[in-house]
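Student: For reference, the structure I am asking about is given below.
The values are calculated or read from the model by the stated rules, or taken from the named source; none is laboratory data. Because the structure is predicted, anything quoted here is derived from the model rather than measured. All Cβ positions, glycine included, derive from the backbone under ideal geometry; neighbour counts span all protein chains shown.
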Amino acid sequence: DQQVKQNSPSLSVQEGRISILNCDYTNSMFDYFLWYKKYPAEGPTFLISISSIKDKNEDGRFTVFLNKSAKHLSLHIVPSQPGDSAVYFCAAPDQAGTALIFGKGTTLSVSS
Amino acid sequence: DVKVTQSSRYLVKRTGEKVFLECVQDMDHENMFWYRQDPGLGLRLIYFSYDVKMKEKGDIPEGYSVSREKKERFSLILESASTNQTSMYLCASQYRGNQPQHFGDGTRLSIL
């Protein structure tokens, strides 16, 4: 059973607009979440994280929102740029706090 | 910056061969991981190690083994390669639990 779900395999956005990538989780014990970005033929790059004691974390154009009651988090990219085109993975540490459980990813395409 | 180096970017091997994938990190991280990435399946954990000579099975350890003789190096071994092990293999390191993992650029392995 998937504990971290990204239900949208792909998202297309125009340059300058907002991109919203969504992630749902099933385990209420998760207390830390991460977003990774991956270009083809490269490894994932850590983007931003959020602890469950917060409901928002911001880093430049990237903001992650956490809704614990809905077990939902989202990554907002504003404004979107063509260089943001990549696969985005949501992840949470397992109960031991060591290994990461990844969603299946959402492919973002930003057109100019 | 953390640097995680995987020994090969592309590798082609034959079924039945014993295959070694090497990974080295330069930040004295405690934890190291091997994942495989397949289209539509996201990143799946094969094995991880939290110390020298220590290892733990991940979600899909069958057909694989690992070795960690030195802190900076974590090797993935395909004991007898099969075509269903054709995949992108990603190594990661982590300072400690509940911290971001840092990934190498991956090895695209093809088993013919």
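Student: For the range B:88-112, enumerate the residues that are within 8 Å of another protein chain (Cβ to nearest Cβ) and without any contact (Cβ under 8 Å) to a residue 40 or more places away in the chain.
Tutor: Selection gives B:Asn98, B:Pro100.
Student: Quick one: would you say A:Ile101 is β-branched (Val, Ile, Thr), surrounded by 15 or more Cβ atoms within 10 Å (Cβ to Cβ), touching a strand residue (DSSP E or B) at 6+ places or on another chain (Cβ under 7 Å) and farther than 27 Å from B:Ile46 by Cβ?
Tutor: For A:Ile101, the condition - β-branched (Val, Ile, Thr), surrounded by 15 or more Cβ atoms within 10 Å (Cβ to Cβ), touching a strand residue (DSSP E or B) at 6+ places or on another chain (Cβ under 7 Å) and farther than 27 Å from B:Ile46 by Cβ - is not met.
Student: Moving to a separate point now. Scan the range A:23-46 for residues that are within 16 Å of B:Ser93 (Cβ to Cβ), surrounded by 22 or more Cβ atoms within 10 Å (Cβ to Cβ) and of a type in the set (Phe, Trp, Tyr) and report the count.
Tutor: Number of matching residues: 1.
Student: Name the residues in the range B:11-66 that are touching a residue at least 24 places away in the same chain (Cβ under 8 Å) and of a type in the set (D, E, K, R), would you?
Tutor: B:Lys13, B:Arg14, B:Glu17, B:Lys18, B:Glu22, B:Asp26, B:Asp28, B:Glu30, B:Arg36, B:Asp38
Student: Here's a follow-up. Can you work out which of the residues in the range A:99-112 that are of a type in the set (A, V, I, L, M, F, W, C) and within 10 Å of chain B (Cβ to nearest Cβ) is nearest to the chain's Cα centre (by Cα)?
Tutor: The first filter runs over the range A:99-112 and keeps only residues of a type in the set (A, V, I, L, M, F, W, C), leaving A:99-102, A:108, A:110.
Of the ones still in play, those that are also within 10 Å of chain B (Cβ to nearest Cβ) are A:99-102.
Details: A:Ala99: 17, A:Leu100: 13, A:Ile101: 12, A:Phe102: 10 Å.
Among those residues, the one meeting the criterion is A:Phe102.
Student: Additional query: Just the residues that are within 10 Å of the chain's Cα centre (by Cα) and facing another protein chain (nearest Cβ under 10 Å), please, taken from the range B:56-87.
Tutor: Listed by number, the list is empty, since nothing qualifies.
Student: When the residues of the range A:80-96 are narrowed to those that are free of Cβ contacts under 8 Å to residues at least 60 places away in the same chain and within 22 Å of A:Asp31 (Cβ to Cβ), which ends up surrounded by the most Cβ atoms within 10 Å (Cβ to Cβ)?
Tutor: Within the range A:80-96, the match that is surrounded by the most Cβ atoms within 10 Å (Cβ to Cβ) is A:Asp94.
Student: Please state which of the following conditions B:Leu41 fails to meet, knowing it meets all the rest: (1) at pLDDT 95 or above; (2) surrounded by fewer than 16 Cβ atoms within 10 Å (Cβ to Cβ); (3) within 14 Å of chain A (Cβ to nearest Cβ).
Tutor: Answer for B:Leu41: the failing condition is (1).
Student: Within the range B:26-40, how many residues turn out to be under 17 Å from A:Ala99 (Cα atoms) and not basic (Lys, Arg)?
Tutor: 8
Student: Look through the range B:63-78, keep the residues that are polar (S, T, N, Q) and buried (at least 16 other Cβ atoms within 10 Å of the Cβ), and return whichever of them is farthest from B:Arg14 (Cα to Cα).
Tutor: Within the range B:63-78, the subset polar (S, T, N, Q) is B:65, B:67, B:75.
Still in the running and buried (at least 16 other Cβ atoms within 10 Å of the Cβ): B:67, B:75.
Numbers: B:Ser67: 22, B:Ser75: 19 Å.
Within the range B:63-78, the match that is farthest from B:Arg14 (Cα to Cα) is B:Ser67.
Student: If I go through the range B:7-46 residue by residue, how many of them are farther than 30 Å from A:Ser8 by Cβ and either part of a strand (DSSP E or B) or small (Gly, Ala, Ser) (or both)?
Tutor: Of the residues in the range B:7-46, 16 are farther than 30 Å from A:Ser8 by Cβ and either part of a strand (DSSP E or B) or small (Gly, Ala, Ser) (or both).
Student: Something else now. Tell me whether the range B:79-86 contains one or more residues that are crowded, with 16+ Cβ neighbours inside 10 Å and either in contact with a Gly (Cβ under 6 Å, 6 or more places away or on another chain) or part of a strand (DSSP E or B) (or both).
Tutor: At the first step, the residues of the range B:79-86 found to be crowded, with 16+ Cβ neighbours inside 10 Å are B:81, B:85-86.
So of that shortlist, the ones also either in contact with a Gly (Cβ under 6 Å, 6 or more places away or on another chain) or part of a strand (DSSP E or B) (or both) come out as none.
No: zero hits.
Student: How do the strands (runs of 3 or more DSSP E) wholly within the range A:1-98 filter down when requiring 2 or more residues that are within 14 Å of chain B (Cβ to nearest Cβ) and under 23 Å from A:Ser112 (Cα atoms): which remain? Before you say what the answer is, go through the steps one by one.
Tutor: Numbers: elements: A:10-14, A:19-25, A:32-38, A:45-51, A:56-59, A:62-67, A:72-77, A:86-93.
Passing ranges, in order: A:32-38, A:86-93.
The rows are residues; the columns are (1) modelled with pLDDT of 95 or more; (2) out of contact with any strand residue (DSSP E or B) (no Cβ under 6 Å at 6 or more places or on another chain).
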position: B:Ile46; (1), (2): yes, no
position: B:Glu69; (1), (2): yes, yes
position: B:Asn84; (1), (2): yes, yes
position: B:Arg96; (1), (2): no, yes
position: B:Gln99; (1), (2): no, yes
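Student: If we keep just the residues of the range B:88-112 that are surrounded by fewer than 20 Cβ atoms within 10 Å (Cβ to Cβ) and over 18 Å from B:Ser49 (Cα atoms), which is farthest from the chain's Cα centre (by Cα)?
Tutor: Across the range B:88-112, the extreme among qualifying residues is B:Leu112.
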